[in-house]
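What follows is a set of notes on a single structure, which appears directly below.
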Amino acid sequence: MSTTQMSLEDIHALAKNTLMTQGCDAENASAVADIITKAEGDGCHSHGLMRLAGYAATLKSGKVNGKARPTITKLAPAVVQVNGHNGLAPLALAQGRSHLIDAAKTCGIAAMPLIGIHHFAALWTEVEPVAEEGLVAFACTSYKPAVIPAGGNKALYGTNPICFGWPRKDGPPMVFDQASSVMARGEVMLAAREGHALPEGVGVDEDGSPSTDPNAVLKGALLAFGGYKGSSIAMMVELLAGGLIGESFSFEAAARDNGDGGPPQGGEFMLAMDPSLFGDAAGWADHAEKLFDKIKEQDGTRLPGARRHSNRNETSRSGVAVSNIVLDKISAL
Ligand code: NDP
């Protein structure tokens, strides 16, 4: 794959300028560029610059308001609702974050339902900053139908990622972030772009037959990880990021989506907990380290997030090798 080496600053500028030429104002463009740059910096290319084409399509079609201003409403002392007013999710998340953190530090636990947003990103970019403030954090979001409920034959659930962050005294928080499908759709798109076959058991084609061809799976559907267990987690995400907060389920989001290739309008659910208010204020951090140490004692293990952090160390020094296919697509915008 031919690539161009870019600094994180150059990646941010490219993303921000491109979004501004496509209809975002500076504040929205900057918020999206922040999370695209984080994704590239941590080696999560499926949610980096590759996503600009989708953002551009959705701004061009008018589905998303690139100049939206989120509003924040306290629905209860520990429930902070953010309404994105049909904008992109990153600005809504960035503006809601301090309210969620304050509510969790006051009440011990707080939730942030986000409505009226268009979400197209990796969740760790949102959970990690909350965990860096010393809070245990959780987030999930739905999408458009891409995953078959266990035993069924038609996509119903989104790829519905869940993300969990745990703060640590020394070093970055432990954060895991995973789709409830066997593989995230972004990874399937990446395989299609790079011409790689998928492993067995990732998805089916339009006729419901198992396939390792990423293009066929993009037209067909993905399977939930772990069979019926992952399927129930995908259902839980639909309920938290849709049913609980007055937003759409994936199938409802798809029904009103214009198919422009960008993210549909939908919701997200975030939770934050202050570990100093759950009964072990003095001990919780060291106690968790004992678990992490026990995990790492075993050969072959690592903590989730370790790959990203090692990429982050590397790219902060030497930049990122960005695919020229992606850069050509951005130039064409
Ligand atoms: P992966 O399967 O690549 O990774 C899932 C998690 O497992 C990561 O936290 C990863 O950490 C960790 N992990 C991987 N290997 C190991 C290991 N050997 N030991 C311990 N931990 C490990 O992620 P997915 O493909 O499921 O999801 C990719 C991204 O797609 C996510 O960021 C998700 O938020 C995003 N997504 C977004 C959607 C949206 O609608 N906005 C929809 C679906 C997915 P590490 O990163 O360090 O490897």
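Throughout, read-outs are computed from the coordinates displayed, never taken from laboratory work. Computed from a prediction, not measured in an experiment: that's the story for all the values here. Ideal geometry is used to build each Cβ from the backbone, glycine not excepted, and the neighbour counts take in all protein chains shown.
Of the residues 293, 25, 207, which exhibits the maximal mean-square fluctuation in a Gaussian network model of the chain defined by a 10 Å Cα contact cut-off? Per the Cα network of the chain with a 10 Å cutoff, 293 tops the list.
Sequentially through region 38-49, phi angles give Karplus couplings (6.51, -1.76, 1.60; θ = phi - 60°) of 4, 4, 4, x, 9, x, 9, 5, 5, 10, x, 4 Hz, Gly and Pro residues having no value and appearing as x. Largest GNM mean-square fluctuation across 203, 116, 151, computed for the chain with C-alpha springs under 10 Å, falls on 151. Per-residue 3J(HN,Hα) values for region 73-80, derived from phi via the Karplus relation 6.51 cos²θ - 1.76 cosθ + 1.60 with θ = phi - 60°, read 10, 7, 7, 7, x, 10, 10, 10 Hz in sequence order (x marks Gly and Pro).
Summed over qualifying helices (DSSP H, 4 residues or more, each -39500 (n - 2.57)) and divided by its residue number, the chain shows a 222 nm mean residue ellipticity of -12500 deg cm²/dmol. Annotation: the chain has a Kirkwood hydrodynamic radius of 20.4 angstrom, from the mean reciprocal C-alpha pair distance.
Across the options 87, 73, 100, the greatest Cα extent toward the positive end of the charge dipole of region 1-123 (unit charges at beta carbon of Lys, Arg, Asp, Glu) belongs to 73.
Close amide H contacts of residue 213 (hydrogens built in the peptide plane, cut-off under 5 Å, sequence separation of 5 or more or a different chain): 198. Structural descriptor for the chain: relative contact order 22 percent, calculated from alpha carbon pairs under 8 angstrom and at least 6 residues apart. In the elastic network of the chain, a GNM with C-alpha springs shorter than 10 Å, the most mobile of 222, 198, 271 is 198.
Couplings for region 53-64, taken from phi via the Karplus curve 6.51 cos²θ - 1.76 cosθ + 1.60 with θ = phi - 60°, read 4, x, 4, 4, 4, 7, 6, 5, 6, x, 5, 9 Hz in order; Gly and Pro are left as x.
Hey, how many Å between the Cα centroid of region 104-154 and the Cα centroid of region 18-87? Cα centroid to Cα centroid, the span is 15 Å.
Under the 0.36 nm per residue contour assumption, what length would be gained going from the current alpha-carbon distance of residue 85 and residue 256 to full extension? Each step should come with its number before you reach the end.
Details: separation 171, 0.36 × 171 = 61.56 nm, distance 1.58 nm.
Fully extending the segment from residue 85 to residue 256 adds 60.0 nm.
Loop-resident GluC sites (Glu not before Pro) (DSSP state other than H, G, I, E or B) in region 175-252 with no more than 12 further Cβ atoms inside 10 Å of their Cβ: 200, 206.
The lysines within cross-link reach of residue 60, meaning a Cα-to-Cα straight distance under 21 Å and a gap of 8 or more places when in the same chain, are 16, 144, 329. Here region 288-322 is scanned for amide nitrogen atoms under 19 Å from the site 7 Å beyond the Cα of residue 132 along Cα-to-Cβ, giving 304-320. The Cα-based radius of gyration and maximum Cα-Cα distance (Dmax) for region 230-333 are 21.0, 56 Å.
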